[in-house]
Amino acid sequence: MNKDKNSKTGKHIWRSLYMIYLMYLIAAVIIIGRIVQIQLTYEPDPRIANLFKPKSYKKALYPDRGSILARDGRLLAMSLPMYRVYMDCTVRKREFEELKNSDSPKQKQKGIDGEKKWREKAKELAEGLAKLNKDKSAKQYYDAIIYGREHNKRHVKMSKLVDHEYLLELKKLPLFNEDPNKGGMIVESEETRQYPYGSLARRTIGYVKNNQETNTHIGLEGKFDFFLHGKDGVKWLKDTDLHGQIQNYDSTWVAAENGYDLKTTIDIDIQDMADRAMRSSMGLNPNIYGGCMVVMDVETGGIRAMVNLLRDSTGRFSESYNMAVTKAGEPGSVFKVTTVMSLLEDGLISIDQKIPTNRGIVPKYPMFGQDHYITNYMAREKKDSITIRHCLEISSNYAFRYLALQNYKQDPHKMLDKLYLYHMGDSPMDFDLEGLATPQLPNPDSPYWSATDLPSVAIGYTVKETPLHILTFYNAIANGGKMMKPYLAESIGRGPHVEKVFGPSVLNASICSRKTADSLRSALSGVVSNPHGTGHRRLYGAKVPIAGKTGTAQMVIERQYAKGSTKAMREIDGKRQYQATFVGFFPADKPKYSAIVTMYTKPVYVSEAVYGGNNPAIAFREIVDKIYAFDPDAGEVLEKSSNSVSIEAPVLPEIEEGTIPDVKGLGLMDAVYAIEHAGYTCIWHGTGHVKSQTPSAGGKLGKGKTVEITLK
């Protein structure tokens, strides 16, 4: 009986366990199924899910902008961090308030004393800020701090954008010399564009504020922005529970790619000489409102200097408009050489051929008047004929009008086609700066072509040319007839790696024969060496022989001076505007450099006119003499580095942590790199290269101590 009972009980327990097992199995299957469903198909209600998901923010990552370098590697433009300083005016406020609200009299007094002491330091801070910033009084700064404290302001501006040296001075002030959690100092860095040589060549280099704001088309900064800027990156941030932000690694991000460095053809020493020469010469005459100078390497076409100066209402000069590239006008007598070249190339004349003087009057063209240069020659020499060489030396208008009409009147195209060959027409010439004006020549097939156009073209009127186009033509004469394309960009790269080479390129392998080029070089030398030459007075006796040509042209009255008159063409109120030029090359017998100087006047009376043989020649002479003084071998064998296109890596000193490195002669960025990697902080003064350092190299300082450098 007991056995059956036990047997029934066992079966009952077994059934119960089986049912429990089955229930758990079913529950497990349901749970697993639910998990699979959730993983594969389930999507939560977005409204609910967003409440639990931290927000993500897209943040642009900006690359470091590449530097612009002179031909010897010196920095013309670079990116450096600058700093904005703010103050959290609420620091320790809650701490002091909690102490003041304490039941303990001792703690309460501690809170009162703490707040009082903090405000005393804030007053001293305000005095220091007023002394350093010099934009507000100490009271204004103190009131701003206290107002911020009473109204819980956590981000109150305390200074303008400052450099590293200035920031270190701010950190010495009360409160700011304490931990930020106690003093409230907030420092935000910002990449800025720095130009170590100030406004020198500013219109050529261009200007940007920083790599985030590069909406510019000015200078090399604008033309090569694609290379200099680099490639932007992006990352995603998300909020944290402590109201901060961290990177959201669940989202894709792309690192920024730093910009390339641009190496230029500019010689910063020649640029400085040219700038000083132009300011000095233009300053001699208050009627000169603007001018430009370009210095070019004859063999390569590399531009060593480009100066563009405008005089403002206060009489000061600044680089605000690139006249060398964008200002196309009638060049005047410097254009006569194109007429001589065409005649020589067509075999119609020789440079020493004589032509009749005709008392300085072009036959059948009395409207041109009498050429006083010819009448003076006739009175002096007692001759009724003159050589073409001598006509070029004295810049006779009569001679070149006469020659053009005698040889090209029946077929003007023959002469005009030659001018297109010299790139004096509307043929495109790609240049490394935006805005190069297109030259213009009259068309003999146009209904507007008149009988006076051909003789006018022969002396540089009814045409439009930029100073850069005129210089390119004269550079070809100096280069034996080979016309090089003027250029500023040598190469781009990073450090020693060159990504792309620009370098020299040829516009026309031969605009004339070597014989023609030699004849013109000889004649242009006479413009300076002949006592009656228009360039003799100012240029003869320079440290190296000069060959070139003067040119003076009456300009069409510019809009700002026309007083609203539509009739003001070349004269208004008895006044005229003048464009005066000297263009040439040196040394005359073995040219290394070519250069052009062009100056523009306000409307003046004829007696106040500026001529190419005056102020432009003065500036030209100064740059020739200074280049020779800077490089005494300029007239003989010069170094050949003008053809170099590689960006050489700077030679840094060996860096040993804890030992002060020798940074003399280095540029700013290299010096800062060396000092900081040795474990020190660097502060600097001035621009250029390191002239001195304190303490001197080889010594040892405590980690984080300061090394001070002076640049010149």
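The values are calculated or read from the model by the stated rules, or taken from the named source; none is laboratory data. Quantities reported herein were computed from a predicted structural model and do not represent experimental measurements. Here Cβ is always computed from backbone atoms with ideal geometry, including for glycine, and neighbour counts include all displayed protein chains. Quick note on the areas: whole protein, heavy atoms, side chains included, nothing else; ligands and nucleic acids left out. Shrake-Rupley method; radii C 1.70, N 1.55, O 1.52, S 1.80 Å.
Laid out as a table, the results:
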read-out: Considering residues of segment 443-452 that are more than 22 Å from residue 508 (Cβ to Cβ) and touching a Phe, Trp or Tyr at 6+ places or on another chain (Cβ under 9 Å) only, the residue least open to solvent (accessible area, probe 1.4 Å); value: 452
read-out: Per-region count, segment 18-57, residues modelled with pLDDT of 75 or more and surrounded by 10 or more Cβ atoms within 10 Å (Cβ to Cβ); value: 21
read-out: Top-ranked residue in segment 327-363 [being in contact (Cβ under 8 Å) with a residue 24 or more places away in the chain and at positive phi; ranked as surrounded by the fewest Cβ atoms within 10 Å (Cβ to Cβ)]; value: 358
read-out: Checklist (1) touching a Ser or Thr at 6+ places or on another chain (Cβ under 7 Å); (2) among the small types (Gly, Ala, Ser); (3) closer than 30 Å to residue 65 by Cα applied to residue 495, failing item; value: (1)
read-out: Of residues in segment 598-613 being assigned to a helix (DSSP H, G or I) and either at pLDDT 95 or above or not polar (S, T, N, Q) (or both), the one surrounded by the fewest Cβ atoms within 10 Å (Cβ to Cβ); value: 606
read-out: Verdict on residue 431 being open to solvent by less than 10 Å² (accessible area, probe 1.4 Å), assigned to a helix (DSSP H, G or I) and of a type in the set (Phe, Trp, Tyr); value: no
read-out: Output for segment 285-299, where each listed residue is under 16 Å from residue 587 (Cα atoms) and open to solvent by less than 10 Å² (accessible area, probe 1.4 Å); value: 295, 296, 297, 298
read-out: Among the candidates 595, 568, 588, 553, residue that is open to solvent by less than 20 Å² (accessible area, probe 1.4 Å), within 27 Å of residue 351 (Cα to Cα) and not in a strand (DSSP E or B); value: 588
read-out: Residue, modelled with the highest pLDDT, within segment 688-703, restricted to residues that are touching a Gly at 6+ places or on another chain (Cβ under 7 Å) and surrounded by fewer than 16 Cβ atoms within 10 Å (Cβ to Cβ); value: 700
read-out: Qualifying residue in segment 139-148 (condition: under 30 Å from residue 74 (Cα atoms) and small (Gly, Ala, Ser)); value: no
read-out: Tabulated pairs, segment 73-102, first closer than 15 Å to residue 153 by Cβ, second polar (S, T, N, Q), C-beta under 7 angstrom, 6+ apart or interchain; value: 85/159; 90/152; 91/181
read-out: Exclusive hit being open to solvent by 30 Å² or more (accessible area, probe 1.4 Å), free of Cβ contacts under 8 Å to residues at least 24 places away in the same chain and either within 23 Å of residue 196 (Cα to Cα) or of a type in the set (D, E, K, R) (or both), set 261, 312, 272; value: 312
read-out: Of residues in segment 534-543 being open to solvent by 10 Å² or more (accessible area, probe 1.4 Å) and of a type outside the set (Lys, Arg), the one nearest to residue 604 (Cα to Cα); value: 534
read-out: Selection within segment 404-422 - touching a helix residue (DSSP H, G or I) at 6+ places or on another chain (Cβ under 7 Å) and either basic (Lys, Arg) or open to solvent by 30 Å² or more (accessible area, probe 1.4 Å) (or both); value: 407, 409, 414, 418
read-out: Members of segment 387-411 found to be of a type in the set (Lys, Arg) and out of contact with any Leu (no Cβ under 9 Å at 6 or more places or on another chain), listed by number; value: 389
read-out: Subset tally (residues that are charged (D, E, K, R) and either touching a strand residue (DSSP E or B) at 6+ places or on another chain (Cβ under 8 Å) or buried (at least 23 other Cβ atoms within 10 Å of the Cβ) (or both)) for segment 572-585; value: 2
read-out: Count of segment 210-241 residues which are more than 28 Å from residue 252 (Cα to Cα) and modelled with pLDDT of 80 or more; value: 7
